1. Can you give the accessible area per residue of region 23-100, in Å², using a 1.4 Å probe?
2. Can you give me the pair-distance distribution of region 24-139, C-alpha pairs, 10 Å bins, whole percents?
3. Averaging sequence separations of C-alpha pairs under 8 Å and six or more residues apart, then dividing by the length of the chain, give the relative contact order as a whole percent.
4. Which loop-located GluC sites (Glu not before Pro) does region 67-139 contain, where loop means any DSSP state but H, G, I, E or B and the Cβ has at most 13 other Cβ atoms within 10 Å?
5. Is the shape of region 1-89 best called rounded, prolate or oblate, per the rule: a/c under 1.5 gives rounded, else a/b larger than b/c gives prolate, else oblate, with a ≥ b ≥ c the square roots of the Cα gyration tensor eigenvalues?
6. Within the chain, how many Lys pairs that are eight or more residues apart, or on different chains, come under 24 Å at the alpha-carbon?
7. So which trypsin sites (Lys or Arg not before Pro) in region 86-139 pass both tests, a DSSP loop state and at most 16 other Cβ atoms within 10 Å of the Cβ?
8. Roughly speaking, to the nearest percent, how much of the chain's 1.4 Å accessible area is carbon and sulfur?
Amino acid sequence: MKYMLIMRATDEAFAGMGEIDFTEMIATVGRYNQELIRAGVLLAAEGLDDAEEGVVVDYSAEPPVVTDGPYGETKELFGGFYILNVASKEEAVEWAKRSPMTGPGFKTEIRRVTTIDEFPQDNEWIQKERAWREATGQL
């Protein structure tokens, strides 16, 4: 099963990361990533650019409203993610507990990634997506 580990932090926690030596931070995260790779569970991992560089598309109005970052009311920023292929949610939780990005203001949200097999296979759009995934080597 695939699980996404969504790395979140408060504004204060992200600000505190600026005080950590970048080379040390890369080494710490690199060691964690290497553990995931050695265990054969890592499928993807990416960090995200600063929230100030992002935009939000809000569909509450017509046409949708686009707002540049930084965002008001930001309580926790989504800073990156891992996608793991593990046997259970419990295993995903165990990997999340080992994350080096810890401390006050840091959280990891864990959500199962649904697969195309869970959708109605007789649906034309699911069949098109399946064909695309097969053609691109994703299935």
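The values are calculated or read from the model by the stated rules, or taken from the named source; none is laboratory data. Keep in mind the model is a prediction, meaning the values are calculated, not measured. Because the Cβ atoms are built from the backbone with ideal geometry, glycine has one as well, and the counts that use them run over all protein chains shown. Surface accessibility is based on the protein's heavy atoms, side chains included, excluding ligands, DNA and RNA. Shrake-Rupley method; radii C 1.70, N 1.55, O 1.52, S 1.80 Å.
1. On the way: 5300 Å² over 78 residues.
I get 68 Å² per residue for region 23-100.
2. P(r) for region 24-139, in whole percents per bin: 10, 29, 30, 27, 4, 0.
3. 42
4. Loop-located and lightly packed - E73.
5. Judged from the Cα gyration tensor, region 1-89 comes out oblate (a/c at least 1.5, b/c at or above a/b).
6. 9
7. Working: sites: K89, K97, R98, K107, R111, R112, K128, R130, R133; in loops: R98.
Here the trypsin sites (Lys or Arg not before Pro) that fit, given the DSSP loop and packing criteria, are R98.
8. Working: 5220 of 9740 Å².
Within the chain, the accessible surface is 54 percent carbon and sulfur.
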